[in-house]
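Down below is the structure, laid out as structure tokens.
The values are calculated or read from the model by the stated rules, or taken from the named source; none is laboratory data. Everything numeric in this text was worked out from a predicted model, so none of it was measured. Methodologically, a virtual Cβ is constructed for each residue, glycine included, from the backbone with ideal geometry; neighbour enumeration extends over all protein chains shown.
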Amino acid sequence: MVAQQRSKISVIGTGYLGATHAACMAELGFEVLGLDVDPAKIDALAAGRVPFYEPGLEEVLVRNLENGRLRFTTDYREAAEFADVHFICVGTPQRSDSNAADLSYVDSAIDSLAPLLTRPTVVIGKSTVPVGTAAVAAARLAALAPAGDAVELGWSPEFLREGFGVEDTLRPNRIVIGTTSPRVEEVMREVSASQIEQGIPFLVTDLQTAELVKVSANAFLATKISFINAMAEVSEAAGADVIKLAKALSYDDRIGGKFLGPGLGFGGGCLPKDIRAFMARADELGVEPALSFLREVDAINQRRRARTIDIARGLIGGSFAGRTVAVLGAAFKPNSDDIRDSPALDVAATIASLGGVVTVYDPEALEKARRAHPELGYAHSMLEAVRDAEVVLLLTEWAEFRDADPDELSKVVRECRIVDGRNALDPEHWRARGWIYRALGRP
């Protein structure tokens, strides 16, 4: 299919998912219009500035702005007139009054777009939603759109890893589309043609199965992380080494080594809120016992934060009051500036609330951290952060921290004590350089 015959695409919502999807669809050769109700966000993207940190995305954005395949708007009418395919990429955060997902942004997108759809159109949801949402959205689209049943909906969950968003969009490990419509499937095959040609699996399911894929994957990954962290709790009590335990388990190909990294646990904008929303939806469906194990998965994850604080407190004599503490890391993971439900920032803020004088450094997330936690101190380099520290906590495993020279740090700290919350360092090396080293799940 030649480029002139390709469907024109709109992407509704230009947060992490939407901005990445819009830029990458343009990179694949489509004409793309990104839409958001936030003018400041649209102005930044139209000027070639990505309002968050994601390696490689700004280059893709700028390249496709310059070649004319990508532009941005705040006008739903413009998007409706322009596009043949609309991707819904808005956020579904946790509700403030429960564990359930807040679907107000999805509802708003549909309510704003549907009355403007006057010709046959395909709408594809990519937002992570509770199972059953898509069927309701499809009925609402058909009811509100002047084109009626000629507006068809499918659901294609995203599987982006922050820090690898461009790669995961251009070369995903699978593409899933939930639909019973031949036309929706045909459109998704067109949009995904170059990826299908590379041999990337293309799976067609019903709407409900597609909705379950993302949350099921996240629930499994969260369970695997919390499993090894539960083994870290047992290892500490028994005097065992959870790192060696995890390595031994990884050789079993039924288990594998991915996501068997014991440490401070998971955070971010997906895993925590997705497993909680999954539990809430199971309760609504009357199958709450089927996912009750996720409550302990969540609880284990939260306990890792408390245990990290306890280890640090023990190293400085039992109290943080008036003690200087350096925290290396603010983002929930490296190669990202996302601080949503960040274990690192949670630990830092808790220590500060207990009287500690906390200084935080992160290569990319400082400004977001400062806005969220103005009560903390911030430094613009690792050496500045650890200066005069009585204990150092490594809480986000940036390469800069993994590669830190203990001799250089020992020249500026007050006491050579470190808590490795990510099991990212070589304990023997640090101990040999005169540091007291502690980590979760290790002797």
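Some observations on this one:
- Pairs, first in a loop (DSSP other than H, G, I, E, B) in the stretch 259-274, second acidic (Asp, Glu) and modelled with pLDDT under 95, C-beta under 9 Å, six or more apart: Gly268/Glu162; Gly269/Glu162; Cys270/Glu162
- Exclusive hit being of a type outside the set (Ser, Thr, Tyr), on the phi > 0 side of the Ramachandran plot and within 19 Å of the chain's Cα centre (by Cα), set Gly56, Gly68, Gly18: Gly56
- Among the residues listed as Arg95, Arg119, Arg140, the single one being assigned by TED's automatic domain parsing to the domain that holds Glu54, surrounded by fewer than 18 Cβ atoms within 10 Å (Cβ to Cβ) and under 24 Å from the mean Cα position of the chain (by Cα): Arg95
- Strands (runs of 3 or more DSSP E) contained entirely in the stretch 1-74, each with at least 2 residues that are farther than 20 Å from Ser194 by Cα: 32-35, 70-73
- Listed by first and then second residue, the pairs with beta-carbon distance under 6 Å, at least 6 apart or on different chains, first residue in the stretch 156-174 and touching a residue at least 12 places away in the same chain (Cβ under 8 Å) and within 18 Å of Gly269 (Cβ to Cβ), second among the basic types (Lys, Arg) and part of a loop (DSSP other than H, G, I, E, B), are Glu158/Lys126.
- The listed residue being in a helix (DSSP H, G or I), out of contact with any Pro (no Cβ under 8 Å at 6 or more places or on another chain) and not assigned by TED's automatic domain parsing to the domain that holds Gln302, out of Ser194, Ser226: Ser194
- Among the residues of the stretch 149-174, those identified as in a loop (DSSP other than H, G, I, E, B) and under 25 Å from Ala80 (Cα atoms) are Ser156, Pro157, Glu158.
- Residue selected from the stretch 218-240 under the condition more than 21 Å from Ala306 (Cβ to Cβ) and in contact with a helix residue (DSSP H, G or I) (Cβ under 9 Å, 6 or more places away or on another chain), by the criterion surrounded by the fewest Cβ atoms within 10 Å (Cβ to Cβ): Leu221
- Residue match in the stretch 109-116 (condition: part of a helix (DSSP H, G or I), small (Gly, Ala, Ser), surrounded by 22 or more Cβ atoms within 10 Å (Cβ to Cβ) and modelled with pLDDT of 95 or more): yes
- Spans of helices (runs of 4 or more DSSP H) in the stretch 338-443 with at least 1 residues crowded, with 21+ Cβ neighbours inside 10 Å: 343-353, 366-372, 382-386, 399-402, 406-410
- Yes/no for Ser127 being buried (at least 23 other Cβ atoms within 10 Å of the Cβ) and assigned to a loop (DSSP other than H, G, I, E, B): yes
- Set Arg433, Arg414: member being more than 23 Å from Asp310 (Cα to Cα), at pLDDT 95 or above and of a type in the set (Lys, Arg): Arg433
- Filtered residues of the stretch 175-208 (kept if without any contact (Cβ under 8 Å) to a residue 60 or more places away in the chain and among the hydroxyl-bearing types (Ser, Thr, Tyr)): Thr179, Thr180, Ser181, Ser192, Thr205
- Any hit, the stretch 265-286, residues being outside the structural domain of Ser156 (by TED's automatic domain parsing), over 28 Å from Leu17 (Cβ atoms), surrounded by fewer than 18 Cβ atoms within 10 Å (Cβ to Cβ) and not aliphatic (A, V, I, L, M): yes
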